Each structure stands twice: as C-alpha cells, then as structure tokens.
Amino acid sequence: MKAAEVVNTLLVQRFGVSSVDIADETPLRSLRLDSLALEELRVLIEERLDIDLDEVSLTPRNTVGQLVSAVDGKVPA
C-alpha cells in the first residue's frame, strides 16, 4: 500500500475527514488535526507500514502532501 493511500484511509476512517477535503496542499489544521491527533496519526501510520517516524516533525501547519512525502521517505523501496 502506498503512503498516500494509508494516510488518506486513516484520515477518513479514523479521524472522520471527508475524502473531498484531502488534497496535497491542504494544511492538517484545516482538517481539524491538532498536535494530539497528529501523534495518534503518526502511531497508526507507523503500525500500518511498519516504519519509524520518530525523526519526522509534524505540526498542524504541515500539509497533507508534506506528511505523505515524509512517510514516503521512510517506506522501504
């Protein structure tokens, strides 16, 4: 499963985000993800993709695209 698919699926299924609201340029804060929700999302992504995102710094100012790029950088080829 690709990073974008995992992120989008988790945003919709676990955080109640409408799929039409998810775009690369969408800031995470506009999806109502605060720092606590971002930490939960990070853990879920790590579990789903068996990766370590400890070095990735996420804030509500980051965009969906930035999150996906960070995850892509950690997924083994």
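Readers should treat all values here as calculations from the given coordinates under stated rules, not as data from a laboratory. This one's a predicted model, so the numbers in the text were calculated from it and none came from an experiment. Note: ideal-geometry Cβ built from the backbone for every residue, glycine included; neighbour counts use all protein chains shown.
Note on 18, 69: ascending count of other Cβ atoms within 10 Å places them as 18, 69, the fewest first. Solvent-free Debye calculation, one equal scatterer per alpha-carbon of the chain: log10 I(q)/I(0) at 0.11, 0.15 Å⁻¹ equals -0.22, -0.42. Residue farthest toward the positive end of the dipole of segment 3-72, with Cβ of Lys/Arg at +1 and Asp/Glu at -1: which of 26, 3, 43? Farthest along the dipole direction, towards plus: 26. Approximating the spin labels as points 7 Å out from Cα along Cα→Cβ, the residue 61-to-residue 47 distance works out to 3.0 nm. Simple point charges give the picture: +1 on the Cβ of Lys and Arg, -1 on the Cβ of Asp and Glu, and for the chain a dipole about the Cα centre of about 240 debye.
Arranged by the count of other C-beta atoms within 10 angstrom, fewest first, what order do 45, 51 take?
Result, fewest neighbours first: 51, 45.
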